[in-house]
Amino acid sequence: MVSFAAVKRGRVTLWVLFAAACSAQPPHAHAPSPPGSAGAFGAEHTPSALPPSPAAEAALDDSGDGEHENDADDEPLDDGELAEPAPGAPVPHPLDGWSEERIERAVTTDLASLGSMSVGTPNAGGLVNGVQAVASPLYSLVSPGSAWGTQETIDYLNTAAQAVHDQFPETPPLALGDIGARRGGPLRPHISHQAGRDLDISFYYRDGTHWYARGTRDNLDFPRLWAFVRALIEKTDIDLILLDHGLQEPLKEYALGLGEDPAWVSQIFQGKGAVRAIIRHAPGHATHLHLRFWNPRAQETARRCYASLARHQLVRAPVQFTTHKVKKNETLAMIAKKYGSTVRAIREANGLRSNLIHEQAVYRIPISGSGVRIPHTERVRIPARRPPPARHETPTASSSLSAQGERSASTREQE
């Protein structure tokens with residue numbers, strides 16, 4: 001797997017929050033990108049506006065370690081000693097058998113033909129040949145200018161949402177929040193969303209509620225929500241689904257009420273399982289889902305092409321963020337010195353018009369990677385999917401929530 005080396009300053013370990021990856025408030029609309037979608041097979045050859053100097057090229061590490069580093073708020077997500085899922089068998093890739101010379105020619109003469117590339121990690125990465133999501137009956141766009149991801153990410157989202165529409169005709173569209181910037185990299189106010197593999201998506205609601213409304217037992221459409229989550233796990237290479245623990249319980253209750261296998265349900269929801277769960281808690285996710293996908297094709301393409309991309313300055317130097325809560329009498333200069341950053345960089349990362357900061361306020365602190373290392377030769381290691389077993393003929397747990405949800409879905413279809 002391609003990932004930029006984790007950045008450490010002194011003895012400070014950067015626990016980068018997933019909660020900040022999705023803003024605690026509805027993200028502001030971003031300025032639209034220039035016209036011309038950079039699709040997988042029809043992209044413009046558009047170099048990055050901020051190419052790295054050779055000394056600032058990112059170190060690569062495709063070992064798979066570090067994909068889930070720095071993914072907490074003030075403390076790491078509570079995984080304890082849970083094991084990562086076993087990797088699946090390698091799948092054929094379009095660049096199998098290609099020489100470095102052939103890749104070099106493609107990068108310099110026909111970059112678009114290589115398809116989307118997810119470079120680095122979600123918290124310190126980039127996007128090459130990104131694809132812009134398009135509004136459809138499956139979802140509307142909250143911010144089209146930040147709806148750029150890999151082709152795989154867009155396809156996975158469409159696959160899962162279509163599964164809901166197939167099961168429940170007349171399903172209203174979801175609201176699709178941020179995926180990423182056109183070329184990836186930092187996207188305010190997020191910490192992640194940098195490599196084209198993260199996205200924010202609304203819940204399905206029973207009462208027609210729209211984007212960023214807090215989910216509850218009463219207003220969530222559990223039949224459709226569970227159909228969506230189930231399809232993500234069964235039909236896509238989903239890595240993480242972030243959902244507030246207060247909403248995990250009723251969703252889990254609904255799944256068990258349908259007759260889903262209890263052992264499988266326990267494995268995918270955060271709890272006491274032996275393997276890292278897919279559905280996990282992070283603060284700030286009671287208003288929407290945060291999805292992160294593995295991209296077998298886009299990640300492997302980026303790994304194979306990275307040396308050429310860096311050589312021709314088609315990727316930015318990575319920028320990773322931590323957060324800092326301002327203490328009494330602290331100044332921007334003091335904070336910049338503490339993290340090895342600059343006042344200007346901190347102001348730009350937070351949209352500050354002056355050096356004025358507020359005590360107890362939390363600000364994003366950018367820290368750039370450095371160093372050059374030849375990438376490993378191993379392919380990207382994608383965990384095997386964990387599809388659900390067949391449902392029990394007789395539900396293992398009947399509940400008022402299941403009955404209420406089924407009645408809600410049936411009523412909507414009849415309207």
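The values are calculated or read from the model by the stated rules, or taken from the named source; none is laboratory data. Computed from a prediction, not measured in an experiment: that's the story for all the values here. Cβ sites come from the backbone with ideal geometry, for glycine too, and all protein chains shown count toward neighbours.
Residues in the stretch 291-341 that are of a type in the set (Phe, Trp, Tyr) and over 30 Å from Ile154 (Cα atoms): Tyr339 alone. Among the residues of the stretch 242-262, those that are in contact (Cβ under 8 Å) with a residue 60 or more places away in the chain and either of a type in the set (D, E, K, R) or not in a loop (DSSP other than H, G, I, E, B) (or both) comprise Leu242, Pro250, Glu253, Tyr254, Leu256, Gly257, Glu260, Asp261, Pro262. I'm trying to understand the selection: among the residues of the stretch 322-345, which are at pLDDT below 90 and either polar (S, T, N, Q) or in contact with a helix residue (DSSP H, G or I) (Cβ under 7 Å, 6 or more places away or on another chain) (or both)? If the condition is that a residue be at pLDDT below 90 and either polar (S, T, N, Q) or in contact with a helix residue (DSSP H, G or I) (Cβ under 7 Å, 6 or more places away or on another chain) (or both), then Thr322, Thr323, Ser341 are the ones that fit.
Just one of the listed residues (Ala227, Ala231) is small (Gly, Ala, Ser), over 29 Å from Ile191 (Cβ atoms) and assigned to a helix (DSSP H, G or I), and it is Ala227. For Ala307, indicate whether it is in a loop (DSSP other than H, G, I, E, B), under 28 Å from Gln151 (Cα atoms) and at pLDDT below 95. No; evaluated as a whole, the condition is false for this residue. Being on the phi > 0 side of the Ramachandran plot and crowded, with 22+ Cβ neighbours inside 10 Å is the filter here, so list the residues in the stretch 153-172 that pass it. Hits for the stretch 153-172: nothing passes.
Here the stretch 353-398 is the region considered, the condition is being among the β-branched types (Val, Ile, Thr) and surrounded by fewer than 17 Cβ atoms within 10 Å (Cβ to Cβ), and the residue that is modelled with the highest pLDDT is Val362. For the stretch 213-224, give me the residue count where each residue is crowded, with 20+ Cβ neighbours inside 10 Å and either assigned to a helix (DSSP H, G or I) or touching a residue at least 40 places away in the same chain (Cβ under 8 Å) (or both). Within the stretch 213-224, residues that are crowded, with 20+ Cβ neighbours inside 10 Å and either assigned to a helix (DSSP H, G or I) or touching a residue at least 40 places away in the same chain (Cβ under 8 Å) (or both) number 5.
Condition check ((1) at pLDDT 95 or above; (2) part of a loop (DSSP other than H, G, I, E, B)) across all residues:
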| site | (1), (2) |
| --- | --- |
| Asp71 | no, yes |
| Asp78 | no, yes |
| Glu81 | no, yes |
| Pro85 | no, yes |
| Pro90 | no, yes |
| Glu101 | yes, no |
| Arg105 | yes, no |
| Ser113 | yes, no |
| Val119 | no, no |
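Which of the residues spanning the stretch 276-304 are β-branched (Val, Ile, Thr) and assigned to a strand (DSSP E or B)? If the condition is that a residue be β-branched (Val, Ile, Thr) and assigned to a strand (DSSP E or B), then Ile279 is the only one that fits.
Just one of the listed residues (Asn295, Asn355, Asn350) is polar (S, T, N, Q) and out of contact with any helix residue (DSSP H, G or I) (no Cβ under 6 Å at 6 or more places or on another chain), namely Asn350.
Within the set Thr109, Thr150, the sole residue that is modelled with pLDDT of 95 or more and crowded, with 18+ Cβ neighbours inside 10 Å turns out to be Thr150. Has the stretch 266-275 got at least one residue that is within 30 Å of Trp98 (Cβ to Cβ) and either not polar (S, T, N, Q) or not in a loop (DSSP other than H, G, I, E, B) (or both)? The answer is no, given that none of the residues of the stretch 266-275 is within 30 Å of Trp98 (Cβ to Cβ) and either not polar (S, T, N, Q) or not in a loop (DSSP other than H, G, I, E, B) (or both). Checking each residue in the stretch 121-141 for being assigned to a strand (DSSP E or B) and of a type in the set (A, V, I, L, M, F, W, C) picks out Ala124, Leu127, Val128, Val131, Leu141.
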